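Visitor: Quick one: the structure is below, and I'll ask about it shortly.
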Amino acid sequence: MSDHNSRLQSLDGFRVTVDAARARADVVLDRPPFNVITMPQRDQIRRVFEALDEDERVRVIVLGAAGEHFSSGGYIKGFMEASPEHVSKLAWNIAAPARCSKPVIAANRGFCFGVGFEISLACDFRLTSETCFYALPEQKLGQIPGSGGSARLQKIVGITRTKDIVMRSKRIPAKQAYEWGLATELVPDAKLEAATDALAQELVGFSPLAQRTAKKLLNDTEDASLSVAIELEGHCYSRLRTSEDFKEGVAAFHEKRTPKFRGV
């Protein structure tokens with residue numbers, strides 16, 4: 001755990017806590033009032049997700065923020081100070097939640113702009129407060145989204161809506177985001193933490209092996225043809241068929257009890 005701990009120290013603009021009793025880790029953006037994300041912070045966030053992915057105490061990860069706003073975006077001057085080669089790799093860091101084998105929940109409220117929106121799009125679940133606004137405002141700077149935002153957004157809402165959001169730097173309110181499928185749940189602001197806790201607790205109750213398999217399968221088949229996706233799904237199902245977790249799930253079903261999954 002020493003290597004894990006070293007990667008969780010001296011963090012730039014965010015903090016990490018691990019609650020082993022709840023099998024949960026929280027990554028909290030904490031640079032008030034707008035939680036601006038710096039260039040070094042992006043690399044640290046990637047390394048933290050990699051460390052938490054290896055941490056056997058953690059089953060689910062929550063990405064949240066302190067204060068009224070999730071994040072107003074990146075530190076603008078940092079883009080001018082970074083080399084073109086460095087900037088071209090930004091999407092790799094921000095895709096860390098998607099690469100993580102464990103389920104990742106984003107809890108969004110207030111401004112969720114730029115890289116704040118992009119890293120939320122890389123999460124598996126987005127719980128959205130009624131105060132939330134999503135936006136990719138880079139056109140106002142003479143730029144385009146550079147951390148996977150337009151690509152992920154187009155997969156979710158289609159090219160017409162993505163052009164409307166990206167090319168006009170348009171702000172999307174929470175209700176519209178939910179109706180478009182951008183948000184998993186839409187909740188009153190005061191209930192965002194409770195809804196996040198409930199989802200995290202629910203996810204911990206499933207087989208970690210089945211959860212990892214489902215996430216990887218869905219991510220990998222997003223661009224696949226239907227026949228290829230079905231074929232891969234069958235192979236994954238067949239592999240899980242031999243797991244102890246599946247045997248436990250079937251036994252618990254017949255015995256009318258809660259299963260005790262061990263991830264094997």
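Rule-based calculations on the coordinates, nothing more; no lab input. Everything quoted here is computed from the prediction, not taken from an experiment. With ideal geometry, Cβ positions are generated from the backbone for all residues, glycine too; neighbour counts draw on all protein chains shown.
Visitor: For the chain, with the dipole built from +1 on Lys and Arg beta-carbon atoms and -1 on Asp and Glu ones, taken about the Cα centre, which of A106, V187, V60 lies farthest toward the positive end?
Guide: Result: V187, furthest along the dipole toward the positive end.
Visitor: Among the lysines, which have Cα under 17 Å from the Cα of K140 when same-chain residues fewer than 8 positions away are ignored?
Guide: K77, K163, K170
Visitor: Testing the spin-label approximation: label points 7 Å from Cα along Cα→Cβ at L240 and D223. State their distance in nm.
Guide: 2.5
Visitor: Which of C132, C112, C100, C236 comes first, and how do the rest follow, when ranked by fewest Cβ neighbours within 10 Å?
Guide: Details: C132 30, C112 33, C100 21, C236 17.
Lowest count first: C236, C100, C132, C112.
Visitor: How do L11, L203 line up, fewest other C-beta atoms within 10 Å first?
Guide: Details: L11 18, L203 21.
Final ranking by Cβ density, sparse to dense: L11, L203.
Visitor: Under a Cβ-only charge scheme (Lys and Arg +1, Asp and Glu -1), can you give me the dipole magnitude of segment 129-250 about the Cα centre, in debye to the nearest 20? Show your work: numbers first, answer last.
Guide: Values: 16 positive and 17 negative charges, 114 e Å.
Roughly 540 debye, rounded to the nearest 20.
Visitor: Same structure again: Please find, in a Gaussian network model of the chain (springs between Cα atoms separated by less than 10 Å), the residue of I159, I230, I37 whose mean-square fluctuation is greatest.
Guide: Judging by the Gaussian network model, the answer is I230.
Visitor: I've got another one for you. Just need the relative contact order of the chain here, percent rounded to a whole number, with Cα pairs under 8 Å and 6+ apart. Intermediate results must be reported in sequence, preceding the final value.
Guide: On the way: 475 pairs, mean separation 38.9, N = 264.
About 15 percent, as a whole number.
Visitor: Any idea what the dipole of the chain comes to, in debye rounded to 20, about its Cα centre with Lys/Arg Cβ at +1 and Asp/Glu Cβ at -1? Before the final figure, lay out the partial values.
Guide: Working: 36 positive and 34 negative charges, 52 e Å.
Dipole size: approximately 240 debye.
Visitor: Turning to a different aspect of this structure: Give the lysines whose C-alpha is closer than 30 Å to that of K247, dropping any in the same chain fewer than 8 places away, or say none.
Guide: Result set, ordered by chain and number: K102, K215, K216, K256, K260.
Visitor: Another question, then. So, R0 is 45 Å and r is the distance between the beta-carbons of Q143 and E255; what FRET efficiency does that work out to, to 0.05?
Guide: 0.20
Visitor: Do the sum for the chain: with -39,500 (n - 2.57) for every DSSP H run of n ≥ 4, divided by all residues, what is the mean residue ellipticity at 222 nm, to the nearest 500 deg cm²/dmol? Mind showing how you got there, number by number?
Guide: On the way: 14 runs with 126 residues, N = 264.
Rounded to the nearest 500, it is -13500 deg cm²/dmol.
Visitor: Along Cα→Cβ, 7 Å out, is where each label goes; now give me the distance between the ones at E231 and K155 in nm to one decimal.
Guide: The modelled label-to-label distance comes out at 2.1 nm.
Visitor: Select from S207, I172, Q41 the residue farthest towards the positive end of the dipole of the chain; place +1 on Cβ of Lys and Arg, -1 on Cβ of Asp and Glu, and compute about the Cα centre.
Guide: Checked the options; the winner is I172.
Visitor: How tilted is helix 192-204 with respect to the longest principal axis of the chain? Cα atoms for both, answer in degrees (0 to 90, nearest 10).
Guide: With rounding to tens, the tilt is 40 degrees.
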